[in-house]
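See below for the structure under consideration.
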Amino acid sequence: MSYVDEVIARVSAKNAAEPEFLQAVKEVLESLRPVVEANEARYRREAILERITEPERQIKFQVSWVDDQGQVQVNTGYRVQFNSAIGPYKGGLRFHPSVNVGIIKFLGFEQIFKNSLTGLPIGGGKGGSDFDPKGKSDREIMAFCKAFMTELSRYVGADTDVPAGDIGVGAREIGYLFGQYKRMTGLFEGVLTGKGLTYGGSLVRTEATGYGLLYFADEMLKAHGHSFKGKTVAISGAGNVAIYAAEKAAQLGARVVTLSDSTGWIYDKEGVDLAAVKEIKEVRRARLSEYVKARPNAEYHEGRGVWSVKCDVALPCATQNELNLDDAKALVKNGVIAVAEGANMPTTLEATEYLQKHGVLFAPGKAANAGGVATSALEMSQNSERLSWTFEEVDAKLKGIMADIFKKSAAAAEKYGFKDNYVMGANIAGFEKVVEAMLAQGV
Ligand code: NDP
Ligand code: 2IT
């Protein structure tokens, strides 16, 4: 049996109850075959694939807090410190009722390769909780964040592990978490990124994932003789990534016609009114169904359906496995030319294969959504030198990083004979740097 198959079998047996983690591992290891085959004896002896698929450390803790009725609530907190070969653990925190250790492991595993691709010195990690922020008062959010950080504070630090936001964790939560870290440790340091601008945050971090996604997708389109000008774009999600992806798409001359949340989706064929969306989602924290009150000509549909709309470019920006084989078929039938992942692993393995087989340009999340964590690393740099850079400076750096990730992914794919397969290219390019660092540092 080949080394890759052997490790896939071993990881599958050991983590049978963690489907998302297995999906992420299979996708990466399958695409690493050409590199692993070229170095099989050495990698096997050094147990490179076993080491890269086993978290260095997994922390699970109780988070008890008091709700507005005086009732004590108990949640579970996680931090998976996956790989520190190239820098301190770095990756977001997700607060969502679906969170479990398998989901945090899949996200932490992906983060290793994504962070490597940025070219910046950050290892891979991820954390979160099964806490549901929906419908909670501001005081309840603060109580939860304080309880969460009271436990987490002993495992993180500016040079050890630096969390940030993800689903359900934005500027408000980062502020409460940072305040509690400072109270617990007495340290005012860059322990979290995505901070507010008055206490060490970086300009562009809010926009970075969405903007970066468009910078990457634009490079991919340009390499194939297309551009965003005049294109129709379908986007899923209505959170941080989706909103700023939509903003940059419009700036590049495209028309964004859809957005979604977990209850439904909007179709606005004249182009989504982002000011209205920001008011609903960022200010009022309300449901997307409110959108049609501001734009009576738009449609609101309950349930799934974003990918049934005719579009040139599809940008899944909500959550994992939200674009399945049937969706891929509908997109191809409607003539889509590119799919770029703003979310982590939003496209199922079958859907990805189908899109690639039908000539659709496909940008994998770990390359295309790396702009968020890259700008987080730029926030860490600014914190270290106790300076802050202008919006233009950070945006120019972000743009350069995304163009570089595209170049690296394209070059690695071509080198191994898989031209234009950016899934393989991104995985290989991300892996090569991490492995070199792991080998250099010994066991
Ligand atoms: P937000 O919490 O800001 O927004 C998430 C959006 O996705 C909401 O509209 C939410 O709808 C929707 N959503 C979440 N879960 C589901 C679900 N199970 N089914 C349908 N819709 C769902 O999160 P972000 O925008 O930050 O994150 C979106 C994706 O991007 C995630 O995959 C995340 O891992 C990834 N990502 C985020 C980065 C960042 O910097 N924030 C960086 C790189 C990747 P509702 O409001 O109804 O829950
Ligand atoms: O998935 C991701 O890359 C993020 N949620 C951002 C992580 C970060 O540390 O900025």
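For region 352-364, what are the residues that are within 16 Å of ligand 1 (Cβ to nearest atom) and buried (at least 24 other Cβ atoms within 10 Å of the Cβ)?
Within region 352-364, Ala363, Pro364 meet the criteria.
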What residue, of Ser227, Ser260, is farther than 19 Å from Ala370 by Cα, within 16 Å of ligand 1 (Cβ to nearest atom) and modelled with pLDDT of 95 or more? Ser260
Does Thr193 satisfy the condition of being in contact with a strand residue (DSSP E or B) (Cβ under 9 Å, 6 or more places away or on another chain), hydroxyl-bearing (Ser, Thr, Tyr), at pLDDT 95 or above and within 27 Å of Glu385 (Cβ to Cβ)? yes
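Name every residue in region 142-164 that is assigned to a loop (DSSP other than H, G, I, E, B) and more than 16 Å from ligand 2 (Cβ to nearest atom), in order of residue number. Give the derivation first.
Here is the first cut: in region 142-164, the residues assigned to a loop (DSSP other than H, G, I, E, B) are 153-156, 158-160.
Result: Ser153, Arg154.
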Given (1) within 16 Å of ligand 2 (Cβ to nearest atom); (2) assigned to a helix (DSSP H, G or I), Ala351 misses just (1)
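Quick one: in region 325-348, which of the residues that are within 17 Å of the chain's Cα centre (by Cα), over 21 Å from Ala223 (Cα atoms) and of a type outside the set (Gly, Ala, Ser) is surrounded by the fewest Cβ atoms within 10 Å (Cβ to Cβ)? So that I can check it myself, show each step before the final result.
First pass over region 325-348, keeping only residues within 17 Å of the chain's Cα centre (by Cα): 339-348.
Then keep just the ones that are over 21 Å from Ala223 (Cα atoms); that gives 343-348.
Restricting the remaining residues to those that are of a type outside the set (Gly, Ala, Ser) gives 344-348.
Numbers: Asn344: 25, Met345: 26, Pro346: 25, Thr347: 28, Thr348: 18.
Ranking the candidates gives Thr348 first.
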Residue check, Gly102 against (1) within 27 Å of Ile401 (Cβ to Cβ); (2) more than 14 Å from ligand 2 (Cβ to nearest atom); (3) not in a loop (DSSP other than H, G, I, E, B), all met but one. Which one? (1)
Selected residue (criterion: farthest from Asn369 (Cα to Cα)) from residues of region 326-337 that are away from ligand 1 (no atom under 16 Å from the Cβ) and in contact with a helix residue (DSSP H, G or I) (Cβ under 6 Å, 6 or more places away or on another chain): Ala330
Is it the case that some residue within region 359-381 is touching a Lys or Arg at 6+ places or on another chain (Cβ under 8 Å), within 16 Å of ligand 2 (Cβ to nearest atom), in a loop (DSSP other than H, G, I, E, B) and of a type in the set (A, V, I, L, M)? yes
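Take Glu299 and decide whether it is touching a Ser or Thr at 6+ places or on another chain (Cβ under 8 Å) and acidic (Asp, Glu). If you could, list the steps in order and put the result at the bottom.
Values: touching a Ser or Thr at 6+ places or on another chain (Cβ under 8 Å): no; acidic (Asp, Glu): yes.
In short, no.
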I need the full set of residues from region 165-205 which are within 16 Å of ligand 1 (Cβ to nearest atom), of a type outside the set (Lys, Arg), part of a helix (DSSP H, G or I) and over 13 Å from Met149 (Cα atoms), in order please. Ala171
Condition broken by Lys329, with the remaining ones in (1) under 22 Å from Ala208 (Cβ atoms); (2) more than 16 Å from ligand 2 (Cβ to nearest atom) satisfied: (1)
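The values are calculated or read from the model by the stated rules, or taken from the named source; none is laboratory data. Here the structure is a predicted model, which is why all the values come from computation and not from measurement. No Cβ is skipped: glycine too gets one built from the backbone with ideal geometry, and neighbour counts run over all protein chains shown.
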